[in-house]
Amino acid sequence: MNLTEELRKASKGFKEKAPQEVKNEMLKAHEEIVAKKIGNESIAVNDIFPDFELSNQTNKKITLTQLLKEKKFLIISFYRGGWCPYCNLELRALQEKKSEFDSLGAGLVAITPEKPDQSLSTSEKNNLSFEVLSDDQSELAQKIGISFELPENLKPIYEKFGIDIPKHNGENNFTLPIPATFLVGTDKKILYAFKELDYTLRLDLEEIIKKISN
């Protein structure tokens with residue numbers, strides 16, 4: 001089963017089990033995010049991806065320049081957090097494709113608003129062998145235009161599910177990125193960009209492999 005199929009299965013399972021009032025509130029929140037047109041004015045193909053210096057799982061500072069060193073490409077994947085089952089499916093799928101990315105000269109990094117100790121837990125849980133960086137206060141996600149504040153009506157629902165976003169992000173921070181993946185060249189120019197408002201959908205990894213291979 002590929003990533004798209006796994007995501008579809010997970011979404012279907014949730015919809016079958018979730019109370020109708022929860023599904024109604026989630027639909028309402030999604031419509032609010034769509035109305036705000038998150039991502040419409042974000043960086044796109046042929047733009048230069050901004051330089052960054054972010055902490056990895058062990059609090060070591062990592063820069064975009066370092067990640068591009070000795071690589072033809074860099075795949076940059078933004079995810080919401082280790083509490084998100086769809087994010088974990090995507091991270092595991094990326095890990096499974098890592099050797100293929102390596103053979104094509106492509107580096108891989110994931111970026112999350114979670115604090116390093118939380119991203120470390122996510123990395124260990126999913127046996128990740130690539131860098132996971134913490135975007136403190138979602139500054140980078142905001143800079144490139146893919147961040148949003150979790151709608152108010154979802155906060156009590158997430159709490160009922162045991163999801164404490166401020167615990168993961170710190171400082172009462174409810175800012176999250178929409179799912180987004182960028183392919184960046186050695187000159188930091190964006191060669192491919194995927195941005196999706198529906199958090200249950202992610203990039204089909206075969207698409208980015210085709211792009212790298214061409």
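The values are calculated or read from the model by the stated rules, or taken from the named source; none is laboratory data. Being a predicted model, the structure only gives us computed values, none of them experimental. Neighbour counts are summed over all protein chains in view; Cβ atoms, including those assigned to glycine, are modelled from backbone coordinates with ideal geometry.
In segment 80-98, is there at least one residue being charged (D, E, K, R), in contact (Cβ under 8 Å) with a residue 12 or more places away in the chain, over 16 Å from residue 179 (Cα atoms) and surrounded by 12 or more Cβ atoms within 10 Å (Cβ to Cβ)? There is at least one residue in segment 80-98 that is charged (D, E, K, R), in contact (Cβ under 8 Å) with a residue 12 or more places away in the chain, over 16 Å from residue 179 (Cα atoms) and surrounded by 12 or more Cβ atoms within 10 Å (Cβ to Cβ). Does residue 151 fit the bill of being more than 15 Å from the chain's Cα centre (by Cα), in contact (Cβ under 8 Å) with a residue 60 or more places away in the chain and over 21 Å from residue 105 (Cβ atoms)? Yes; evaluated as a whole, the condition is true for this residue.
Taking the criterion of being of a type outside the set (A, V, I, L, M, F, W, C) and either in contact with a Gly (Cβ under 8 Å, 6 or more places away or on another chain) or more than 21 Å from residue 88 (Cα to Cα) (or both), the residues of segment 138-148 that qualify are 139, 142, 143, 145.
Residues are listed down the side, and each one gets a yes or a no for (1) touching a strand residue (DSSP E or B) at 6+ places or on another chain (Cβ under 6 Å); (2) modelled with pLDDT under 95; (3) under 21 Å from residue 210 (Cα atoms):
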{"residue": "61", "(1), (2), (3)": "yes, no, no"}
{"residue": "71", "(1), (2), (3)": "yes, yes, yes"}
{"residue": "86", "(1), (2), (3)": "no, no, no"}
{"residue": "110", "(1), (2), (3)": "yes, no, yes"}
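Considering each residue of segment 105-141, count those that are surrounded by 17 or more Cβ atoms within 10 Å (Cβ to Cβ) and over 25 Å from residue 172 (Cβ atoms), and give that number. The number of residues fulfilling the criteria is 8. Exactly one residue out of 201, 140 is out of contact with any strand residue (DSSP E or B) (no Cβ under 6 Å at 6 or more places or on another chain), in a loop (DSSP other than H, G, I, E, B) and touching a residue at least 24 places away in the same chain (Cβ under 8 Å): that is 201. A search for C-beta distances below 7 Å between a residue of segment 164-185 that is surrounded by fewer than 22 Cβ atoms within 10 Å (Cβ to Cβ) and any residue that is in a strand (DSSP E or B), counting only pairs 6+ apart in sequence or on different chains, returns 174/149; 175/147; 175/149; 178/148; 178/195; 185/73; 185/191.
On the stretch given as segment 71-124, residues that are farther than 17 Å from residue 207 by Cβ and of a type outside the set (Ser, Thr, Tyr) total 27. Residues that are part of a helix (DSSP H, G or I) and of a type outside the set (S, T, N, Q) within segment 102-137 comprise 102, 116, 117, 120, 124, 125, 136, listed in sequence order.
Scanning segment 41-72 for residues that are over 14 Å from residue 140 (Cα atoms), touching a Lys or Arg at 6+ places or on another chain (Cβ under 9 Å) and among the hydrophobic types (A, V, I, L, M, F, W, C), we see that the one that is surrounded by the most Cβ atoms within 10 Å (Cβ to Cβ) is 68. Working only within segment 150-178, note down all residues that are part of a loop (DSSP other than H, G, I, E, B) and either polar (S, T, N, Q) or under 20 Å from residue 57 (Cα atoms) (or both). Selection gives 164, 170, 171, 172, 173.
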